[in-house]
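Engineer: Can you keep this structure in mind? I'll have questions shortly.
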Amino acid sequence: MLDFLQTLFRADFFFSILRITTPILFATLAAVIVEKAGISNIGLEGIMMISALFGSLCAYWASSWIAGLLAALLVGVLVALLMGVFAFNLKTDVILVGIAVNMIGSGGTLFLVKVITNLTEGKALASTTSLAVSANQIPSISIPLIRDIPLVGEILSGHSLLTYLAFALVFVTWVLLYKTAPGLNLRAVGENPHAASSVGVSVLKMRYVAIGLSGLMAGFGGAFMSMSYAAGWSQDMVAGRGFIALAAQAMGGGEPLGSMFSALLFGFAQAFGIKLSSKGVDSNLASPIPYVVTILGLLFFALFKRRSGSLRHRAHKKGASK
Amino acid sequence: MAENTYAVQMLGITKIYPNGIAANQDVDFCVREGEIHALMGENGAGKTTLMKMLFGLEEPSSGEIYIHGEYVQLTSPAVAIAHGIGMVHQHFMLVPSLTVAENMVLGMAPKKAGLFIDRERAIALTKQYAERFNLHVDPEAKVADIPVGMKQKVEILKALVRGAKILILDEPTAVLTTQETAELFKEFLRLKEQGFTLIFISHKLNEIMQITDRLSILRGGRFMGAHDTGAVSKEEISRLMVGRDVVLSVEKQPAQPTAPVLRVRDLEYTNAWGKKMLDKVSFTVRRGEILGIAGVEGNGQKELVDMLFNLSRPSAGTIEVNGENILGLSQRKIRDKRVSLVPEDRMLYGIAGEASIEENLIADRAHTKALNAGPFFRMRKIHALADALVRQYTVLCSSARQKVSMLSGGNIQKVVVAREFSNDPVLIIAQQPTRGIDVGATQFIRSKLVELSREGVAVLLVSADLNEVMELSDSLLVMYGGRIAAYFEDTAGLTDEQMGQYMLGLQTQSQQEIGRVCHE
């Protein structure tokens, strides 16, 4: 048992936690921003799928990872803004719009891949459920000085560019939300749209800003999935990360830093599951681990929140009876 | 130059909503520069609608608005703010998780480096305005944590910091304690000294007399005149505010009340904000009588009915029906004791809009053996019952299977009444039973109430419609400030003026006089 733990908790395991957390973290930040504006974007999963496909395709066509990344981001933002049109202007329930985007993300991408491969290959590839594009991956960066520190260097250095960006964006998101005027307006719109509009803040505009930013973040996540985590796109490759992100957002209390830690917890659970199956544990047993952790995490969070909520309620009542 | 002495002139204002309801009809509302002007009227008289038009939240159907003598079209709050108009809403327009300073500068935040909020300047600005207007607030406290009185100050400061010279205050004292109200009034007078114009919406007569210079009265959307506050008596104002219009008469035999049915003793209720809404309310309703509860809305009547039907829990007191406690029982159990309720908000509590007339009619008895055979409804019986009720209560519809929300207000209320009156009740609680419905339905429901009471049902009639309570009730309670202010054993010979005195808190009967309603 001790041997097992020793082989488990080595530098490469911690390295893989950071790598696996990256797409979850991007999606979590997307959820944090959009929830602050009072919108539940459950379509993050679908946006990531679509972005992953276009990222991979454009990187292949243009022979440039930068072109692929930009395409992924652009598509992510456009899909999110389109969701906004349906939800805010045409007054569709935002949850239904999210479900539609998720279905497009799952079935629509597969359809597109078949259409595109038909055109390029000139023949029907009925069985194609993936695109292998190993060239033009997003580069990894080896950090000078840090890479030479034993253990720490092995864990922190050599990650994809986007992994570093994801963690940097936690701070950027916090600054945006709490230190800037647009962030203040965004939070006000999320909490009391009447108050915001009564002082001349455009509720519609701020909602579009928020959902657009969530598309941008999910676009990063999608790009990472197909251009760094895996070599190319494959069917349903996002595998629930967009939903796990919603759980991470809720568990983190909707705050950027707290949500990052919840995302790391889920990253840890996934890395642990992968490690176990590589050690010969039946994958039927190992692969549900991240999802079980998600459910347990949400359960504990709900219990904790209920307790602190009732405490606050009691304190409030005490204050009121004074 | 004469018009320059007016800060606000709203001339010939009519507002008709798309559903055809006229909220204001040909109203002339003028406010002089630098005065505190009261806009008075009962709930639903059109005060708030008129002020929403002045703040750009609604646009008038016809009429003209002049600000400082200049013709304006107030198309949005932003335009109104630009013309120096500020509004303190009845329901605060604040963001609870933000600090006071952040709420102050929302939408106009001072920036540094083009993007970042300059927190220090926001706080300094808040402090500067707080000191200048002597409205003390804590700029760094979260709005969620500050008391109601301070929230109100933040709202006023928010308007001032946006350059408001004309302040609209929509029932600012409704949520305040007596002490907070006194403090707020001092602040109003200080603002007046500094040249601000204040429009004060209220239906509380004492407050108006205390601080306003002039007052305008609305009744049923129509302008009832403007007066200098000192030049009219309270009696005159109350007559203009609550005065009677058309008198509908209902044939009524004298009541012969017998055994007590509803027995309420020492009922008290303090709301979530710590305000005492009911204070030692005791009364008895007997078989065969209609006991009316009159009063200006917001004096505890709604809370009282909520307690009776367990929609909220009292802090103290007892409620019994036929000698059995009903306090804390589920609504089903209360109904099992044959208590019926015609609720004030018929769309929310009275009906399920998407369901059919028939389904709404059987909602209170859908679980009974009579209408069920095993797991299935006895549809034939239900159809027969619904059809009979629709006929008996003259509900105007194509069929009882029609969706209830398709009906007019009066017919919806007939559906509610048909259900509540037909289940063999011993006690009917009727809360604003004819509010906002047509004359025909009103007349029908009123005569039905009288009929049932003469058959031996105990009726508690809660209504802000003075006509209604005085016409229908055998005896009458008046509520003011959460207490019973008066009890009249016989409504014959009562005048509107007398009622107005008690309804507006100018007079209160002695404890002995009030205690007679307990019939002990």
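Each row is one residue, and each column tells you yes or no for (1) open to solvent by 40 Å² or more (accessible area, probe 1.4 Å); (2) among the hydrophobic types (A, V, I, L, M, F, W, C); (3) farther than 22 Å from residue A:158 by Cα.
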| residue | (1), (2), (3) |
| --- | --- |
| A:5 | yes, yes, yes |
| A:8 | no, yes, no |
| A:11 | no, yes, no |
| A:29 | no, yes, yes |
| A:54 | yes, yes, yes |
| A:57 | no, yes, yes |
| A:62 | yes, yes, yes |
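Engineer: Going by what's in this entry, would residue B:65 be described as outside any loop (DSSP other than H, G, I, E, B) and at the interface with chain A (Cβ under 10 Å from one of its Cβ atoms)?
Structural biologist: Numbers: outside any loop (DSSP other than H, G, I, E, B): yes; at the interface with chain A (Cβ under 10 Å from one of its Cβ atoms): no.
Taking the combined requirement at face value, the residue does not satisfy it.
Engineer: Looking only at residues that are surrounded by fewer than 16 Cβ atoms within 10 Å (Cβ to Cβ), more than 9 Å from chain A (Cβ to nearest Cβ) and not aliphatic (A, V, I, L, M) in segment B:100-120, which one is nearest to residue A:202 (Cα to Cα)?
Structural biologist: Applying the filter and picking the extreme gives B:114.
Engineer: Same structure again: Which condition breaks for residue B:142 when tested against (1) modelled with pLDDT of 90 or more; (2) out of contact with any Ser or Thr (no Cβ under 7 Å at 6 or more places or on another chain); (3) more than 10 Å from chain A (Cβ to nearest Cβ)?
Structural biologist: That leaves (2) as the condition not met.
Engineer: Between a residue in segment A:265-280 that is under 16 Å from residue A:296 (Cα atoms) and any residue that is open to solvent by 10 Å² or more (accessible area, probe 1.4 Å) and not in a helix (DSSP H, G or I), which pairs come within a Cβ distance under 8 Å, given they are 6 or more apart or on different chains?
Structural biologist: Taking only residues 6 or more apart or on different chains, the pairs are A:273/A:287; A:273/A:288.
Engineer: Give me the residue from segment B:251-276 that is in a loop (DSSP other than H, G, I, E, B) and among the charged types (D, E, K, R) and, out of that set, modelled with the lowest pLDDT.
Structural biologist: Step one: filter segment B:251-276 for residues in a loop (DSSP other than H, G, I, E, B), giving B:251-259, B:271-275.
Those still in the list that are among the charged types (D, E, K, R) too: B:251-252, B:275.
Details: B:251: 75, B:252: 81, B:275: 78.
Going through the qualifying residues, I end up with B:251.
Engineer: Residues that are without any contact (Cβ under 8 Å) to a residue 60 or more places away in the chain, buried (at least 17 other Cβ atoms within 10 Å of the Cβ) and part of a loop (DSSP other than H, G, I, E, B): does segment B:16-32 have at least one? Lay out the reasoning, then the answer.
Structural biologist: Here is the first cut: in segment B:16-32, the residues without any contact (Cβ under 8 Å) to a residue 60 or more places away in the chain are B:16-21.
When the remaining residues are screened for being buried (at least 17 other Cβ atoms within 10 Å of the Cβ), the result is none.
No, that holds for no residue.
Engineer: Within segment B:280-298, is even one residue modelled with pLDDT under 95 and within 14 Å of another protein chain (Cβ to nearest Cβ)?
Structural biologist: No, segment B:280-298 has no match at all.
Engineer: For the subset of segment B:78-99 comprising residues that are within 13 Å of residue A:195 (Cα to Cα) and either of a type outside the set (A, V, I, L, M, F, W, C) or more than 10 Å from chain A (Cβ to nearest Cβ) (or both), which member is least open to solvent (accessible area, probe 1.4 Å)?
Structural biologist: B:88
Engineer: Being more than 10 Å from chain A (Cβ to nearest Cβ), touching a Leu at 6+ places or on another chain (Cβ under 7 Å) and either closer than 30 Å to residue B:465 by Cβ or surrounded by 18 or more Cβ atoms within 10 Å (Cβ to Cβ) (or both) is the requirement here; does residue B:47 meet it? Step through it out loud before you land on a result.
Structural biologist: Working: more than 10 Å from chain A (Cβ to nearest Cβ): yes; touching a Leu at 6+ places or on another chain (Cβ under 7 Å): yes; either closer than 30 Å to residue B:465 by Cβ or surrounded by 18 or more Cβ atoms within 10 Å (Cβ to Cβ) (or both): yes.
Yes; evaluated as a whole, the condition is true for this residue.
Engineer: Residue under question is residue B:322, and the condition is that it be out of contact with any Phe, Trp or Tyr (no Cβ under 7 Å at 6 or more places or on another chain) and in the same structural domain as residue B:511 (by TED's automatic domain parsing); does it hold? Steps first, answer last, please.
Structural biologist: Working: out of contact with any Phe, Trp or Tyr (no Cβ under 7 Å at 6 or more places or on another chain): yes; in the same structural domain as residue B:511 (by TED's automatic domain parsing): yes.
Answer is yes for this residue.
Engineer: Another question, if that's okay. Out of all the residues in segment B:320-339, is one or more part of a loop (DSSP other than H, G, I, E, B), under 22 Å from the mean Cα position of the chain (by Cα) and surrounded by 18 or more Cβ atoms within 10 Å (Cβ to Cβ)?
Structural biologist: Of the residues in segment B:320-339, the ones part of a loop (DSSP other than H, G, I, E, B) are B:322-323, B:326-330, B:337-338.
Add one more test, that the residue is under 22 Å from the mean Cα position of the chain (by Cα), and what stays is none.
No; the residues of segment B:320-339 include none that is part of a loop (DSSP other than H, G, I, E, B), under 22 Å from the mean Cα position of the chain (by Cα) and surrounded by 18 or more Cβ atoms within 10 Å (Cβ to Cβ).
Engineer: Which of the residues belonging to segment B:385-398 are free of Cβ contacts under 8 Å to residues at least 40 places away in the same chain and either outside any helix (DSSP H, G or I) or open to solvent by less than 60 Å² (accessible area, probe 1.4 Å) (or both)? If you could, list the steps in order and put the result at the bottom.
Structural biologist: Here is the first cut: in segment B:385-398, the ones free of Cβ contacts under 8 Å to residues at least 40 places away in the same chain are B:385-392, B:395-396, B:398.
Within segment B:385-398, B:385, B:386, B:387, B:388, B:389, B:390, B:395, B:396, B:398 qualify.
Engineer: Does residue B:75 satisfy being in a strand (DSSP E or B) and surrounded by fewer than 17 Cβ atoms within 10 Å (Cβ to Cβ)? Don't jump to the end; show me each part of the working.
Structural biologist: Values: in a strand (DSSP E or B): no; surrounded by fewer than 17 Cβ atoms within 10 Å (Cβ to Cβ): yes.
No: the conditions fail for residue B:75.
Engineer: Find all pairs meeting these conditions: Cβ atoms under 7 angstrom apart; at least six residues apart or on different chains; first residue within segment A:194-222 and within 18 Å of residue A:176 (Cβ to Cβ); second residue open to solvent by 10 Å² or more (accessible area, probe 1.4 Å) and of a type in the set (S, T, N, Q).
Structural biologist: Sorted first by the residue in segment A:194-222, then by its partner, the pairs are A:196/A:185; A:201/A:185; A:206/A:185.
Engineer: For segment B:302-319, give me the residue count where each residue is in contact (Cβ under 8 Å) with a residue 40 or more places away in the chain and crowded, with 17+ Cβ neighbours inside 10 Å.
Structural biologist: Number of matching residues: 10.
Engineer: Now, a different point. Restricting to segment A:137-195, name every residue that is within 9 Å of another protein chain (Cβ to nearest Cβ) and open to solvent by 60 Å² or more (accessible area, probe 1.4 Å).
Structural biologist: Hits for segment A:137-195 are A:179, A:191, A:194.
Engineer: Check whether at least one residue in segment A:219-235 is more than 30 Å from residue A:114 (Cα to Cα), more than 14 Å from chain B (Cβ to nearest Cβ) and surrounded by fewer than 24 Cβ atoms within 10 Å (Cβ to Cβ), and report yes or no.
Structural biologist: Filtering segment A:219-235 for residues more than 30 Å from residue A:114 (Cα to Cα) gives none.
No, every residue in segment A:219-235 fails to be more than 30 Å from residue A:114 (Cα to Cα), more than 14 Å from chain B (Cβ to nearest Cβ) and surrounded by fewer than 24 Cβ atoms within 10 Å (Cβ to Cβ).
Engineer: I'm trying to understand the selection: among the residues of segment B:142-186, which are among the β-branched types (Val, Ile, Thr) and not in a loop (DSSP other than H, G, I, E, B)? Give the derivation first.
Structural biologist: Narrowing segment B:142-186 to residues among the β-branched types (Val, Ile, Thr): B:143, B:146, B:148, B:154, B:156, B:161, B:166, B:168, B:173, B:175, B:177-178, B:181.
Matches in segment B:142-186: B:143, B:148, B:154, B:156, B:161, B:166, B:168, B:178, B:181.
Engineer: Going through segment B:355-383 one residue at a time, which ones are open to solvent by 60 Å² or more (accessible area, probe 1.4 Å) and acidic (Asp, Glu)?
Structural biologist: B:359, the sole residue that qualifies.
The values are calculated or read from the model by the stated rules, or taken from the named source; none is laboratory data. What you see is a predicted model, and the numbers here were worked out from it, not measured in a lab. Note: ideal-geometry Cβ built from the backbone for every residue, glycine included; neighbour counts use all protein chains shown. Accessible surface is based on the protein model in full, side chains and every heavy atom, while ligands, DNA and RNA are left aside. Shrake-Rupley method; radii C 1.70, N 1.55, O 1.52, S 1.80 Å.
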